[in-house]
Amino acid sequence: MTILALGINHKTATVDIRERVAFQPEQIELALQSLVQQGKVSETVIVSTCNRTELYCHADASEQQEIINWLATFHQLTPEELSQYIYQHEDSAAVSHLMSVAAGLDSLVLGEPQILGQVKQAFQQARNAGTVGSVFERLFQSTFAAAKVIRTETEVGQNAVSVAFAAVNLARHIFADLRNANVLLVGAGETAELVARHLQEQGVRNLRVANRTVARAEELTRVVGGEAYALNALEELLPISDIIISSTASPVPVIGKGLVESALRKRKHRPMLFIDLAVPRDIEKQVSELDDAFLYTVDDLQSIVNKNLQQRHQAADEARDIIHQYAEEFAGWMESLNSVDLLRRYRSSAESISEQQKERALAALASGKPAEQVIQELTQRLTNTLAHAPTKAIQEAGKRKDISALAAYQKLFNDTSQD
């Protein structure tokens, strides 16, 4: 049996293909059980996000093409259509790939944290569907442990590596608590939405959005909260705003020096932070000449992003060393499952138990106990001792709904009863 990882992601497939191969949440349980019921895999977990669809399987290596065929059929594609986008990993390469995915090393944005939660959710869904056995239980717990160490001991997920997040991060460093800050977004496009979502994560309560079309501003505020305004409301909005983040598509600046001067007078010169994410500029560069007005442009933020991205790449090397360590530990555990070693350890354990009970029985006979009573006690103790570990294992497998383990135990006892 081999651990297989196969799938597509943002590196190998277009958005159109990724959309066609993605699993909807309501399809996951059916898909997991369908794959196992085909008899091609004993355990499986499906990770499906907007940037990747991956199948992790415990199966015979010869079944790889059959698994690809199943994936293609499930999504109404031909295997030929799908095969050109598929990547495949086996055993240690598959384990390292899974750990890299969970740690964010294989993401579109290096080190992004959301993927770990998505992998955990995928694992739980597979557990619930009954397609996780003892091997994948150990594999995924090792993966989560590795990801946790990487998050805490490296900087792979630290610092902003998108302009939108860098803008919010800058504001957070200048205003210690963004929850009470009055924030104005000028523009309601894709960048503004990303900024708004980051602000929401920081607990911003006072958010206003001004846009050329109020309807689009209202769409955004319905998603992230806040109040919507037209651009011609800037004169009244600026004086009540501590942080202004602008990202319109206007060919000329929408916020001039005079408008800011007026706002500062009304604010009695309480400081204002301006972050201009637009190209060309939304905010006149002369605003930076005003006392109590602090202006940062997209170029300022891009230099921060580039520096942070370089630091993340350096941290990724440390993360790969950690993954190698955890992958080696898992490989060692898998090797310990070798049938010869298992049999040797099982026989050694049984012989040790037998020897202990024999000594107790001989001592009982020497003390004058009736032989029939000694034999009865001996058989009872042997039964209880030898059955204890298997009984506990079966109970735990039942609680986990570990179908593959239960099937193995059932086969073992059926074979034993026929001897």
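What the table below lists for this structure:
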{"item": "Size of electric dipole in the chain: Cβ of Lys, Arg +1 and of Asp, Glu -1, about Cα centre, debye, nearest 20", "result": "1120"}
{"item": "Residue-averaged [θ]222 nm for the chain, counting only DSSP H segments that reach four residues, each worth -39500 (n - 2.57)", "result": "-19000 deg cm²/dmol"}
{"item": "Under 10 Å, Cβ to Cβ, from residue 115 - net charge with Lys/Arg +1 and Asp/Glu -1", "result": "0"}
{"item": "C-alpha center-to-center spacing [region 121-179, region 266-314] in angstrom", "result": "29"}
{"item": "Rounded Å value of the spacing that divides the Cα centres of region 201-236 and region 41-97", "result": "44"}
{"item": "Sites residue 351 and residue 33, calculated FRET efficiency, Cβ-Cβ separation with R0 41 Å, nearest 0.05", "result": "0.50"}
{"item": "Residue 413 accessible area, 1.4 Å probe, all protein chains in place, Å² to nearest 10", "result": "100"}
{"item": "Dipole of the chain, positive direction: furthest Cα of 101, 398, 67, with charges on the beta-carbon", "result": "398"}
{"item": "Virtual spin-label span in nm between residue 223 and residue 62, 7 Å along Cα→Cβ", "result": "5.1"}
{"item": "Solvent-accessible surface ranking, highest first, for 18, 212 at 1.4 angstrom", "result": "212, 18"}
{"item": "Accessible surface, the chain, averaged per residue in Å² (probe 1.4 Å)", "result": "53"}
{"item": "Residue 385 - accessible surface, heavy atoms, 1.4 Å probe, Å² rounded to 10", "result": "60"}
{"item": "Lys pairs, region 282-419 - Cα-Cα below 22 angstrom, 8 or more residues apart or on other chains", "result": "5"}
{"item": "Label-point separation, residue 279 to residue 232 (7 Å along Cα→Cβ), nm", "result": "3.2"}
{"item": "Values of log10 I(q)/I(0), in the order q = 0.08, 0.11 Å⁻¹, for the chain under a Debye, Cα-only, solvent-free model", "result": "-0.64, -0.94"}
{"item": "Heavy-atom accessible surface of the chain: percent carbon and sulfur, 1.4 Å", "result": "50"}
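The values are calculated or read from the model by the stated rules, or taken from the named source; none is laboratory data. Everything quoted here is computed from the prediction, not taken from an experiment. Positions of Cβ are generated from backbone atoms using ideal geometry, with glycine treated the same way; all protein chains shown enter the neighbour counts. To get the accessible areas, we keep the full protein, side chains included, count just its heavy atoms, and leave off ligands, DNA and RNA. Shrake-Rupley method; radii C 1.70, N 1.55, O 1.52, S 1.80 Å.
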